[in-house]
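Encoded as structure tokens, the structure appears first; notes follow it.
Quick note: the coordinates plus some simple rules give every number you see, no bench work behind them. Bear in mind that the values here come from a model prediction, so they are computed numbers and not experimental data. Here Cβ is always computed from backbone atoms with ideal geometry, including for glycine, and neighbour counts include all displayed protein chains.
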Amino acid sequence: MVGKWAKKGCLKVAEHIEEYVEECLTCLAFPESHQRRIRTTNGFERLNQEIKRRTRAVRIFPNREACLQLMSALCQEHSDSGLRGGRQSSARSTGHQGSDAQRVAP
């Protein structure tokens, strides 16, 4: 595997794999059903995109606690959807039809 990356001209990748092979394959120690979520950063990227989208919609928070409340709700929602194994939006999963700004208000 290291030779394959080295042939492609990705010497730093090849060196990293060779030096940290155990860390790179740690996800394989978990059950197969967990491996996909552990080995990728897709969940974190999706959460960051959702945080960016929601904070842009609100634009100005009345105080720090309101921002923290929104971030906490998004993290909880992300965690719950991961436990359910689905990708439902909060409006569908909670039945909430209001705007984000109404949800954040203290």
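Using the 10 angstrom Cβ neighbour count as an exposure proxy, how do L74, L28 rank, fewest first?
Listing L74, L28 from fewest to most nearby Cβ atoms yields L28, L74.
Trypsin sites (Lys or Arg not before Pro), restricted to the stretch 23-70: which are DSSP loop and have at most 16 other Cβ atoms within 10 Å? Present the calculation step by step, with values, prior to reporting the outcome.
On the way: sites: R36, R37, R39, R46, K52, R53, R54, R56, R59, R64; in loops: R59.
Here the trypsin sites (Lys or Arg not before Pro) that fit, given the DSSP loop and packing criteria, are R59.
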